[in-house]
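Below you'll find the structure, written out as structure tokens, and then a few comments.
The numbers here are math on the coordinates, done by the rules we state, and not lab data. Quick caveat: nothing in here was measured; it's all calculated off a predicted structure. For neighbour counting, all protein chains shown are included, and Cβ atoms are generated from backbone atoms with ideal geometry for every residue, glycine included.
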Amino acid sequence: MSKQEDWSLLNGLALAYVGDAAYELVIRKHLLESGQTRPNELHRRATQFVSAKAQNRLITAMMEENVLTEEELAMFKRGRNAKSHTTAKNADVATYRASTGFETLMGYLYMQNHHDRFNELTQWCIKKVEEDTHV
């Protein structure tokens, strides 16, 4: 696809592939900047942000708090409803699918160069997780 193409036309699972990486990189950077340096602790803390269960909680909270635009909600649903041939190691199917939808949304925002909105939502997620875990 060229730079001018509409990335919303890309397969939802392909967007989730990018969204997973982009979101996790932001989280890893945040953890390092907050002083985490031990590998085991980094992994444990990262899981609070990037696991299927965490992403399911975050996307549910986003919907409950009306954080998402209609377009963003549609992208989430597209990813959630995509037919994946893989399953989660530590989550039920509904949780895994919601997590895939979360990653699709993040991938869409990233690939469409909506970096301000991507950053806004990732910072919202960081704040939400840290409030919930009292870090």
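Below is a table of values for the structure above.
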read-out	value
With Cα atoms, 0 to 90° folded angle of helix 39-50 axis to the chain main axis	40
Mean Cα-pair separation over length for the stretch 7-133, i.e. relative contact order, pairs under 8 Å, 6 or more apart, %	42
Size of the chain as Cα extents on the principal axes (Å, biggest first)	40, 32, 28
The stretch 5-87: GluC sites (Glu not before Pro) falling in loop per DSSP and having at most 12 other Cβ within 10 Å	GLU5, GLU65
Above-threshold pairs, the threshold being 26 Å between Cα atoms, out of LYS77/LYS127; LYS83/LYS127; LYS83/LYS128	LYS83/LYS127; LYS83/LYS128
The chain: calculated mean residue ellipticity at 222 nm from DSSP helix runs of at least 4, using -39500 (n - 2.57)	-23500 deg cm²/dmol
The stretch 7-133 - charge dipole about Cα centre, Lys and Arg +1 at Cβ, Asp and Glu -1, debye rounded to 20	500
Tilt relative to the chain, helix 52-64 - C-alpha long axis, 0 to 90 degrees, to 10	70
Rounded to 10°, Cα long-axis angle of helix 93-111 versus longest principal axis of the chain	80
Dipole-positive endmost among ALA94, ASN81, PRO39 within the chain (Cβ charges, Cα centre)	PRO39
